[in-house]
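What follows is a single structure, written as structure tokens, with notes after it.
What follows draws every value from the coordinates through simple rules; no lab data is involved. Quantities reported herein were computed from a predicted structural model and do not represent experimental measurements. No Cβ is skipped: glycine too gets one built from the backbone with ideal geometry, and neighbour counts run over all protein chains shown.
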There are 2 protein chains.
Amino acid sequence: MRPTIYTVAERAGVSIATVSRVLNGTARVSDRTQAKVRRAMDELDYQPNASARGLAANATSTIALVFPKLSGPFYSELIRGAEIAASESDYHLLIYGASGKALGQDSQTLGMLTTKADGLILAGSIVSHCYLQDLQRRDVALVVLGEVPSDTSVDCIQPDNVGGAEEAVTHLIQHGYRRIAMIRGPASRTHASDRERGYRKALAVQGLPHRTELVVAGAFSEASGYAAMGRLLELEPIPDAVFAASDQMAIGAMAAVHDARLRVPEDVALVGFDDIETAQYTQPPLTTVHQDMLGQGQLAVRHLLDRINRAEPSGETKILPTTLVIRRSCGCADEGFKAGNSA
Amino acid sequence: MRPTIYTVAERAGVSIATVSRVLNGTARVSDRTQAKVRRAMDELDYQPNASARGLAANATSTIALVFPKLSGPFYSELIRGAEIAASESDYHLLIYGASGKALGQDSQTLGMLTTKADGLILAGSIVSHCYLQDLQRRDVALVVLGEVPSDTSVDCIQPDNVGGAEEAVTHLIQHGYRRIAMIRGPASRTHASDRERGYRKALAVQGLPHRTELVVAGAFSEASGYAAMGRLLELEPIPDAVFAASDQMAIGAMAAVHDARLRVPEDVALVGFDDIETAQYTQPPLTTVHQDMLGQGQLAVRHLLDRINRAEPSGETKILPTTLVIRRSCGCADEGFKAGNSA
DNA sequence: CTGAAAGCGCTTACAG
DNA sequence: CTGAAAGCGCTTACAG
């Protein structure tokens, strides 16, 4: 039915080895032969079979991107970045969302993915320690996006949580705010504690005291940010600025301020972290720390391809810089949006 | 190195055919043998090779989801829906973003995908007419998400553009608005003209005249919505309500209203279409027509799996219902968000 | 219920 | 520069 490498070889009057060579460019083929083969392929509309290639070459030209749950404001940019970098190298992207699966099943699935793809990118610290070790033992090419158990030696990619937070809080201090609170994330997440570390560091560098009552915990969600801000507004006096460890919490916090008949930034300034798309559209637009998910996706793929191609040693963690995006919630005035946002 | 079906067979003291049978459940195997085989598989931590299976069975258990460009506010929910439905049937999802590729190359890539996946979902009407015909001729299992050339007979899935628009405009009329404008999409898109059709239908049903000066064109982007609203605000009198054919245009329009020192909904009411995530966070929150991208993704995969498994005839187009999400930009009062949005 | 064997469509030493 | 041939790890008639 479908043309195979045999059909092409026959039509071109050469052996299948030769067809394979022009297909892959793995060896010199004379120009004349090459031309004959290409013509035959064109005429037959030949498509090499990916499974056969995968079996023979022991390489699939695909990368699997695994998510804990396929939701949240981040993963779309991540996928886009990964897809861009993958297609640059003629790789394909297999998406797996480990949504509601039991752990045991997950281990099975990761195994399966391992034969469908040449390497795995694990996003959002899904995989428990033992799976990681298991995958490493099997010598699966691997990179983790996000947090990683400290005692494993997997390659991993992270945003600069400490530096980003420090920059945000320093900016608030430069505005003249002195009573700066923080809504932090859950203690279990290293992302959260890194961002708190940045907050403290900024205070220390600028010579401000660190008051524990100004740090309240959230859970990275809007609702938890709303509640946390509620608690901060009961302090006397209320903080003059708040740094939230995620935009979602900042958005919740902003609603709490509105509901208390106060204004951002006049009564309380607010800065978030992440720069999710929504941050541009809050009222006022949210000043926040941009973490480049597109770039992280690209970097993850490129790094993984490196590991697939050269079996280098591993264990490094790459920190991607963040940038402070200044909008209005911090007290700065910005341009509004008719300027940009074309298309 | 890695265990194969031979390793397992040897260890279990059976033939590879038997191992294959318990792996796939394709034929009765006695309980005793089955147990032996399973134990051997466990002990060896055996993972069947996907490429070998693909080659032998001529089926890959994967579906490719192809995007014109992997961006915009929709595709993430679409991917999530597709992934959920795929994993329910033990399929995997291959993501391909036909970003900046030339058309010729795309044809090549679609061919390649065809051997890596058992079926294709084409999102956002990327594929020109001739590719579609080409794919159909090759008998590739196919479903299109979105617009489709009217003279082809591919299966396709669409939101109820006409009905959704009609419901939105009817809601505005019930609010008492009479001078209702529309910001439409580009004429080339059937989505756009379907939504305009719904607008006209609502006016007609409610006995309102259709004034051509109240319909201005946009390009589905924020900036074009901003510009379009600018033109509407020059009319005398200005419209008392505006239906925008996309949320992105509605968001641009809202900014134009603010910049003109007018208020939504007091001076102009506003309704969008799509219900992108941002719509909840505009000020005021945007009333809009929700189109269920998650559901469309799931439906697309299920439909495709049907076609893969039973080679039924094709050509139908499924219309998914939309729902009007009432927030505040239309003039209704809503609850605000501290109620919902937990986690 | 189980096995021997052919075949899926490629890649890649090995010769020449 | 080119070809003959083995092998990748499965599935699936065909026998029994």
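Taking other residues whose beta carbon is less than 13 angstrom from the beta carbon of B:Leu208, and scoring Lys, Arg as +1 and Asp, Glu as -1, yields +3. Nearest 5 percent is fine: what portion of the DSSP beta bridges confined to chain A is antiparallel? If we restrict to bridges inside chain A, about 10 percent are antiparallel. Legend: P(r) of the stretch A:1-50 from all alpha carbon pair distances, 10 Å bins from 0, whole percents, reading 29, 61, 9, 0.
Each residue, A:Arg178 and A:Asp31, gets one label point 7 Å from its Cα in the Cβ direction; the gap between the two is 8.1 nm.
Compute the angle between helix B:103-116 and the longest alpha-carbon principal axis of chain B, please, reported from 0 to 90 degrees and rounded to the nearest 10. The two axes meet at around 40 degrees. Here the scattering of the stretch A:124-260 is modelled by Debye summation over its C-alpha atoms, one equal scatterer each and no solvent; at q = 0.14, 0.18, 0.21 Å⁻¹ the log10 of I(q)/I(0) is -0.68, -0.95, -1.17. Over all other residues within a Cβ to Cβ distance under 14 Å of B:Ala250, the charged ones net out to -1, with Lys and Arg as +1 and Asp and Glu as -1. At most 14 other Cβ atoms within 10 Å plus a DSSP loop assignment makes a site exposed; report the longest stretch of chain B without any exposed GluC sites (Glu not before Pro). After excluding every exposed loop site, the longest remaining stretch is B:1-233.
Among B:Arg11, B:Arg328, B:Arg137, the residue with the largest mean-square fluctuation in a Gaussian network model of chain B, with springs joining Cα atoms closer than 10 Å, is B:Arg11. If you find the alpha carbon centre of the stretch B:130-169 and of the stretch A:223-254, how far apart are they in angstrom? So the separation of the two Cα centres works out to 46 Å. Pairs of Cα atoms in the stretch A:1-96 fall into 10 Å distance bins, from 0 up to the last occupied one, in shares of 14, 34, 25, 16, 9, 1 percent.
Axis of helix B:293-309 versus longest Cα principal axis of chain B: the two differ by about 40°, to the nearest ten degrees.
Note on A:Ala260/B:Gln133: beta-carbon distance plugged into 1/(1 + (r/R0)^6) with R0 of 45 Å gives a FRET efficiency of 0.15. Counting Lys and Arg as +1 and Asp and Glu as -1, what is the net charge of the other residues whose Cβ lies under 12 Å from the Cβ of A:Asp42? Counting the neighbours of A:Asp42, the net charge comes to +2. Largest GNM mean-square fluctuation among A:Ala181, A:Ala219, A:Ala35, using chain A with Cα springs under 10 Å: A:Ala35. Farthest toward the dipole's positive end in chain A, which of A:Val169, A:Thr114, A:Pro48, given Cβ charges of +1 (Lys, Arg) and -1 (Asp, Glu) about the Cα centre? Value computed over the given set: A:Pro48. Taking only the C-alpha atoms of chain A, the Rg (one decimal) and the largest Cα-Cα distance, Dmax (whole number), read 25.7, 89 Å. Of all aspartates and glutamates in the structure, the ones whose alpha carbon falls short of 17 Å from that of B:Lys318, not counting any fewer than 8 places away in one chain, are B:Glu147, B:Asp151, B:Asp155, B:Asp160, B:Asp194, B:Asp292, B:Asp306. Remark: label point of B:Arg197 defined 7 Å out from Cα along the Cα-Cβ vector; separations to the same position in other copies 5.9 nm, ascending. Label-point spacing for B:Asp45 across the identical copies (point 7 Å from Cα in the Cβ direction), in nm and ascending order: 4.6.
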